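Here the structure comes first, spelled out in structure tokens, and everything after it is commentary.
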Amino acid sequence: MLQEESDLALIIAQIVQKLKGSTLYAQLERQAWASLQRPEIKLESLKEDIKEFFKISGWEKKLQNAVYSELNVFPLPSHPAAPPEHLKEPLVYMRKAQGSWEKRILKSLNSMCTELSIPLARKRPVGEQKELLNKWNEMGTDEPDLSLFRPVYAPKDFLEVLINLRNPNYENGDSHSFRTHLGLIQVPLKVKDIPELKEFFVELGLTAGQLGIDDSTQVPPELFENEHVRIGQKVLSEQDSAAAQQYIRQGSPTALRAELWALILNTSSQPEDVKLTASNDDYYFVFEDYLYQVLLCFSRDTSVLGHFAYNSASPPKSYIRGKLGLEEYAVFYPPNGVIPFHGFSMYVAPLCFLYHEPSKLYQIFREMYVRFFFRLHSISSHPSGIVSLCLLFETLLQTYLPQLFYHLREIGAQPLRISFKWMVRAFSGYLATDQLLLLWDRILGYNSLEILAVLAAAVFAFRAVNLMEVTSLAAAEAVLADLSTLKVMPLLQIFLFATVT
Amino acid sequence: MSRVSVPCHVKGTVALQVGDVRTSQGRPGVLVIDVTFPSVAPFELQEIMFKNYYTAFLTIRVRQHTSTHTPAKWVTCLRDYCLMPDPHSEEGAQEYVSLFKHQMLCDMGKVLELRLILRQPSPLWLSFTVEELQIYQQGPKDLGIWLQVSPTLPASGQYAFALQSPSMTFPKWLSHPVPCEQPAPLLEVSPHPG
């Protein structure tokens, strides 16, 4: 149909425009020029010969991966009349809520700086620069006195904002109707129900093999594991992003995980020219150092600003002293536009197990952030946004464990108050690391964070018997305090595919 | 592209409901919006564009000019077009929508008046409507030849011609970008409408 043709052409145009500015474009151009030396390239069939050369040498694959990456990350071009803020977030009341939340954070940040008399942004004096370079590899052990600094905000402050989110055009009255929300979230976003989730997560079904279940010691490896590892090696040798994403839905073997994630996130194999020092003679596992390095660089990486085109949040802008309102003197603070909250480093910590080279670690973390993690702390109507995840969790619990939900509500222990912190941190710090990595495999494979909400509901289902006996919020928290012994994949499989609905 | 906005007069919405609007408890689930074109002759409709606000289904009726002396009749040109897949949830509630003439059930050659019938069966929303309504007609039909000339002409010369078909909303050359050393200034031959 005519409309679809022009939609497709618009998408192609958008991707072409984006890729033209990338290093890949420059590399392809260079390769094309260099290939003219080759004997098989003939002038009469120049275009075809170069295309053939790209195919054989693997450059076409790299281009395919880049295109696939763009399609995954950027939303489809919207209606030509839609303003840019519509692309960030289509619902007006959500945009407003995000705006007021940002103002609150900034106010808190500014007042903390005034209290402690510290300017928000100033160039590091030369002496301090030299000191930083010298101490770069040991930053964890020599931290400045941070005792006076408070975290800008904690997840539970954010939860309060989400609880108070209201659509002004929605029937929020006291009379209970068929759609009264018994949970904390009161906005009617569309969330999947279990039949839709079963279809979405079909590869996690009972008939498909899973790493995290079918690689346990009791199961002979010939049944699934050996073949799965072999396919993984093949996918890596082909360097195909789309195939890797499909493959990883059944989990990634530990040995292949680092490369698979890099392939799916399409990070370049070239070490990046970032502020990280190249001379890394000690590759020891002091994660504290890595965390400081990565987060310091992240906060100064202005390429992160690009993701604000599709993030409902906006980077805070501040003006050079005395030039308020003049755009030429506006700076983003922090330079990457992201204000971290209490526990932010937990997004990076699990990656330290996979990547020992700081440059690679940084690239992977940055890609994970601009694809997934930013959605966990901004207010938006996106299906992977934290508001939808909270609503999905509450709806699943209410629909499939109504007795438990009702009981917890009655004792003043709304389930979301307990599970919110798990979802906001993508379960990092709550699950055992190997289980967490199996979970994050699926986030990458399905390009969605909905699995976090499903897992949260599955955990409640697993501990339902104990939870039915508690009589206070504190007791409920205690039952769910320790998740470190949980096995993620069996829980998900049982909840989605083996529970009688 | 060659489409021209048609100035229209959007009459106030009329709620259709049984009984007295003021005293009955429920909210109307059907609204009617009449759109007239007072200063324009019967025209060929190209596109209808609007921003949705919680309308679930849209039906459009059109009254066209007839050459004979029979009075113009109302004909349904779009029936129950779904704007919100789930009327109870937010999906599609505030989206920008374009409807084109090839989606209509009848020919839209000589439009006199339009009637938009909005339906929202869910009782959860306080109000619903469509906003920023704009009607477009066919622009000047002919040429639209885009000439692209590179200022640093290599020896062989590089010209890209693309005949612009009126049914596409943007130039075809975007699908086959011509590599140039510098961005080339675009010279339009035809006067740009609007």
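The values are calculated or read from the model by the stated rules, or taken from the named source; none is laboratory data. Keep in mind it's a predicted model, so treat the numbers as computed, not measured. No Cβ is skipped: glycine too gets one built from the backbone with ideal geometry, and neighbour counts run over all protein chains shown. Remember, those area values only see protein heavy atoms, side chains included, never the ligands or the DNA or RNA. Shrake-Rupley method; radii C 1.70, N 1.55, O 1.52, S 1.80 Å.
Looking only at region A:47-65, decide whether some residue is assigned to a loop (DSSP other than H, G, I, E, B), free of Cβ contacts under 8 Å to residues at least 12 places away in the same chain and not assigned by the TED database to the domain that holds residue A:241. No, region A:47-65 contains no residue that is assigned to a loop (DSSP other than H, G, I, E, B), free of Cβ contacts under 8 Å to residues at least 12 places away in the same chain and not assigned by the TED database to the domain that holds residue A:241. Scanning region A:214-251 for residues that are open to solvent by less than 40 Å² (accessible area, probe 1.4 Å) and touching an Asp or Glu at 6+ places or on another chain (Cβ under 6 Å) yields A:224, A:236, A:248, A:251.
With respect to the conditions (1) open to solvent by less than 60 Å² (accessible area, probe 1.4 Å); (2) within 13 Å of residue B:57 (Cβ to Cβ); (3) within 14 Å of another protein chain (Cβ to nearest Cβ), residue B:135 falls short on a single one, namely (2).
Checked across region A:7-21, the condition of being in contact with a Phe, Trp or Tyr (Cβ under 6 Å, 6 or more places away or on another chain) and in a helix (DSSP H, G or I) holds for at least one residue. Which of (1) farther than 28 Å from residue A:455 by Cα; (2) open to solvent by less than 50 Å² (accessible area, probe 1.4 Å); (3) modelled with pLDDT of 80 or more does residue A:289 not meet, given it meets every other one? It fails just one condition, (3).
Just checking: which of the strands (runs of 3 or more DSSP E) contained wholly in region B:77-177 hold 2 or more residues that are under 26 Å from residue B:34 (Cα atoms) and at pLDDT 55 or above? Explain how you work it out, then say what you get.
Values: elements: B:96-100, B:111-119, B:129-138, B:146-149, B:159-162.
Where strands (runs of 3 or more DSSP E) fall fully within region B:77-177 and carry at least 2 residues being under 26 Å from residue B:34 (Cα atoms) and at pLDDT 55 or above, they are B:96-100, B:111-119, B:129-138.
Is it true that residue A:329 is modelled with pLDDT under 90, buried (at least 19 other Cβ atoms within 10 Å of the Cβ) and more than 14 Å from every other protein chain (Cβ to nearest Cβ)?
Numbers: modelled with pLDDT under 90: yes; buried (at least 19 other Cβ atoms within 10 Å of the Cβ): no; more than 14 Å from every other protein chain (Cβ to nearest Cβ): yes.
The answer is no for residue A:329.
Just one residue in the set A:19, A:28, A:71 is touching a helix residue (DSSP H, G or I) at 6+ places or on another chain (Cβ under 9 Å) and more than 14 Å from chain B (Cβ to nearest Cβ); that residue is A:71. The residue of region B:30-63 that is nearest to the other protein chains (Cβ to nearest Cβ), among those that are at pLDDT 95 or above and outside any strand (DSSP E or B), is B:54.
Residue A:76 meets each of the listed conditions (1) part of a loop (DSSP other than H, G, I, E, B); (2) over 22 Å from the mean Cα position of the chain (by Cα); (3) surrounded by fewer than 14 Cβ atoms within 10 Å (Cβ to Cβ) apart from (2).
As a summary of the residue check, residue A:102 satisfies the conditions (1) at pLDDT 85 or above; (2) open to solvent by 60 Å² or more (accessible area, probe 1.4 Å); (3) part of a helix (DSSP H, G or I); (4) more than 11 Å from chain B (Cβ to nearest Cβ) except for the one numbered (2).
Of the residues making up region A:184-235, those that are over 22 Å from residue A:394 (Cα atoms), of a type in the set (A, V, I, L, M), within 25 Å of the chain's Cα centre (by Cα) and part of a loop (DSSP other than H, G, I, E, B) are A:211, A:213. Tell me, which residue of region A:417-429 that is surrounded by fewer than 23 Cβ atoms within 10 Å (Cβ to Cβ) and hydrophobic (A, V, I, L, M, F, W, C) is farthest from residue A:453 (Cα to Cα)? So the residue we want is A:418.
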